[in-house]
Amino acid sequence: CASRQPWRHTLLLSRGQTLLTFCDVMPANKLGFGSSPRWRTGIVRKELEMVAFNGDVDECERMVAEGADIDARNKYGMTPLMIAVTRGHTPLVEWLIEHGADLDHTAKYGMSALMLAVVYGHLGMVEALTEAGARTDSRGTGAPGFQDKTALDLARDRRDETMIGLLSDRSDPHP
């Protein structure tokens, strides 16, 4: 960013917690703040990522109501649902599920939100995701420990009998 001498735009996110700098090679008046698809997919995606990271349901609801993509992906391919799962933000995970977030998107190493819930040991999220219809047959890819494993396989690796029982009892709703 700095090597190309771009214009810099700074955004202070909710409650002054995070300072984000957006770089672009166009002047600010050409960006059309709030209307440019580049602005909405760049800054809004990053801001939504931070909202998911912090577990802020109210701010997520506001952003989605204003047009932010509930399934926006970060540079690793993770959606707000996946980020909220990794951080253990149950209320936000429930809100995202209720409002139609993609349950089956996979990111780096083929990991889904359900698989991440298992890896991070979040039983309540595993229950919520499976009850909402998340696929149980998705398989990890490309990394030792995840290659060709399902959520059930990952629960077995954790030796988590409760998750193993829950996932064993669930049939995949998507044959």
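The values are calculated or read from the model by the stated rules, or taken from the named source; none is laboratory data. Here the structure is a predicted model, which is why all the values come from computation and not from measurement. Neighbour counts run over all protein chains shown; Cβ positions are idealised from the backbone, glycine included. The area values use the complete protein model at the heavy-atom level, side chains included, leaving out ligands, DNA and RNA. Shrake-Rupley method; radii C 1.70, N 1.55, O 1.52, S 1.80 Å.
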How many residues does the stretch 140-175 hold that are of a type in the set (Gly, Ala, Ser) and either open to solvent by less than 50 Å² (accessible area, probe 1.4 Å) or touching a strand residue (DSSP E or B) at 6+ places or on another chain (Cβ under 8 Å) (or both)?
6
Looking at (1) modelled with pLDDT of 90 or more; (2) open to solvent by 60 Å² or more (accessible area, probe 1.4 Å); (3) more than 20 Å from residue 116 (Cα to Cα), find the lone condition where residue 94 falls short.
(3)
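Conditions (1) part of a helix (DSSP H, G or I); (2) polar (S, T, N, Q); (3) in contact with an Asp or Glu (Cβ under 7 Å, 6 or more places away or on another chain), marked per residue:
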{"site": "109", "(1), (2), (3)": "yes, no, no"}
{"site": "116", "(1), (2), (3)": "yes, no, no"}
{"site": "127", "(1), (2), (3)": "yes, no, no"}
{"site": "137", "(1), (2), (3)": "no, no, yes"}
{"site": "145", "(1), (2), (3)": "no, no, no"}
{"site": "154", "(1), (2), (3)": "yes, no, no"}
{"site": "163", "(1), (2), (3)": "yes, no, no"}
Residue 101: of a type in the set (A, V, I, L, M), in a loop (DSSP other than H, G, I, E, B) and open to solvent by less than 60 Å² (accessible area, probe 1.4 Å), yes or no?
yes
Kindly provide the set of residues from the stretch 59-82 that are in a helix (DSSP H, G or I), over 9 Å from the mean Cα position of the chain (by Cα) and touching a residue at least 12 places away in the same chain (Cβ under 8 Å), ordered by number.
59, 60, 61, 63, 64
What about residue 10, is it in contact with a Lys or Arg (Cβ under 7 Å, 6 or more places away or on another chain), assigned to a strand (DSSP E or B), at pLDDT below 90 and more than 16 Å from residue 134 (Cβ to Cβ)?
no
Can you name the number of the only condition in (1) more than 24 Å from residue 59 (Cα to Cα); (2) modelled with pLDDT under 95 that residue 118 fails?
(2)
I need the full set of residues from the stretch 122-139 which are farther than 15 Å from residue 85 by Cα and either open to solvent by less than 30 Å² (accessible area, probe 1.4 Å) or of a type outside the set (Lys, Arg) (or both), in order please.
131, 133, 136, 137, 138
